[in-house]
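Note sheet for the following structure.
The values are calculated or read from the model by the stated rules, or taken from the named source; none is laboratory data. Quick caveat, the model's predicted, so the values are computed rather than measured. FYI the Cβ positions are ideal-geometry reconstructions off the backbone, even for glycines, and counts take in every protein chain you see. SASA here: full protein model, heavy atoms, side chains in, ligands and nucleic acids out. Shrake-Rupley method; radii C 1.70, N 1.55, O 1.52, S 1.80 Å.
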Amino acid sequence: MSALIKPKLTFAEKTMKTLTLLFALVLTFSITTFAQNEKLFDAARNNQVKTLEELIKNGVNINAKDSKGFSPLILASYNGSLEAVEFLLKNKADVNQKDNMGRTALMSVGFRGHLPIVKLLVENGAKVNEKNLAGATALMFAAMVNKVNVVKYLLDKGSDANIVDERGNSALSLAEQQGAEDVIDLLKAVKSK
């Protein structure tokens, strides 16, 4: 039997072969990571704790961000997914992580008015006076949509009703612009103290 003789590859050919293999590995890893992150975001939105557990156990980054900068915690909070929020916090999700606009989970849930999640976030270290890129706080988001219980809780936890955003708006002025009567009365009472 005659042995097959393989031609020797040049340095350039070896380098190209290595780079092609490396590119294929990186592409495969990126596609897999993207798919896992999408599952993570969907599970957070839809309160699917079992799926979150499986993904985190398999090494998915609990603080991953989607294209808008939303983390699983921000998505779970905004969508009122209490059990998912509890799981994410228990597994060390960053409670003060910001999206591309500088919004935190507390700001997003303040806007939606899910008081149990607001409480959970604050109890786990959410900064009540944190500002987004426009200078707005969780209190301002809750005030402009008339979430009285959230506004009251945030004030009780040290939210500063005198903070103004980049346009000079306070929680009170935003509530007035939106006609949030219940919050207006509450904030006026705080201001008069």
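Only one of the numbered conditions (1) modelled with pLDDT of 95 or more; (2) farther than 18 Å from Ala180 by Cα is violated by Lys152, and that is (2). If you go through segment 145-170 and keep only what is acidic (Asp, Glu) and either closer than 17 Å to Val118 by Cα or crowded, with 22+ Cβ neighbours inside 10 Å (or both), you end up with Asp156, Asp160. If you check Gly110 against the conditions, is it surrounded by fewer than 18 Cβ atoms within 10 Å (Cβ to Cβ) and small (Gly, Ala, Ser)? When the stated conditions are applied, Gly110 does not pass them. When segment 93-105 is filtered for residues that are open to solvent by 70 Å² or more (accessible area, probe 1.4 Å) and in contact with a Lys or Arg (Cβ under 9 Å, 6 or more places away or on another chain), the ones remaining, listed by number, are Asn100, Met101. Contact annotation: residue pairs with Cβ atoms under 8 Å, 6 or more positions apart or on different chains, pairing a residue in segment 171-193 that is over 12 Å from Val145 (Cβ atoms) and open to solvent by less than 20 Å² (accessible area, probe 1.4 Å) with a partner that is part of a helix (DSSP H, G or I) and not hydroxyl-bearing (Ser, Thr, Tyr), are Ile184/Leu172; Ile184/Ala175; Ile184/Glu176; Leu187/Ala143; Leu187/Val151; Leu187/Ala171; Leu187/Leu172; Leu187/Ala175.
Take the conditions β-branched (Val, Ile, Thr), over 23 Å from Leu75 (Cβ atoms) and out of contact with any Pro (no Cβ under 9 Å at 6 or more places or on another chain) and apply them to Val95. Does it pass? No; evaluated as a whole, the condition is false for this residue.
Among all positions in segment 166-180, there is no residue which is of a type in the set (S, T, N, Q) and under 30 Å from Glu53 (Cβ atoms).
Looking at segment 107-193, the helices (runs of 4 or more DSSP H) lying wholly inside it that each contain 2 or more residues that are in contact with a helix residue (DSSP H, G or I) (Cβ under 8 Å, 6 or more places away or on another chain) and closer than 24 Å to Phe70 by Cα sit at 115-123, 138-144, 148-156.
The rows are residues; the columns are (1) at pLDDT below 95; (2) closer than 19 Å to Gly158 by Cβ.
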| residue | (1), (2) |
| --- | --- |
| Val60 | yes, no |
| Gly69 | yes, no |
| Leu82 | no, no |
| Arg112 | yes, no |
| Leu115 | no, yes |
| Val118 | no, yes |
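Which one is nearest to Gly125 (Cα to Cα), of the residues in segment 62-92 that are of a type in the set (S, T, N, Q), open to solvent by 10 Å² or more (accessible area, probe 1.4 Å) and under 13 Å from the mean Cα position of the chain (by Cα)? My answer is Asn63. The residues in segment 113-144 that are open to solvent by less than 60 Å² (accessible area, probe 1.4 Å) and charged (D, E, K, R) can be counted, and the count is 1.
For Asp99, the conditions (1) farther than 20 Å from Asn37 by Cα; (2) in contact with a Gly (Cβ under 7 Å, 6 or more places away or on another chain); (3) of a type outside the set (S, T, N, Q) are fulfilled apart from (1).
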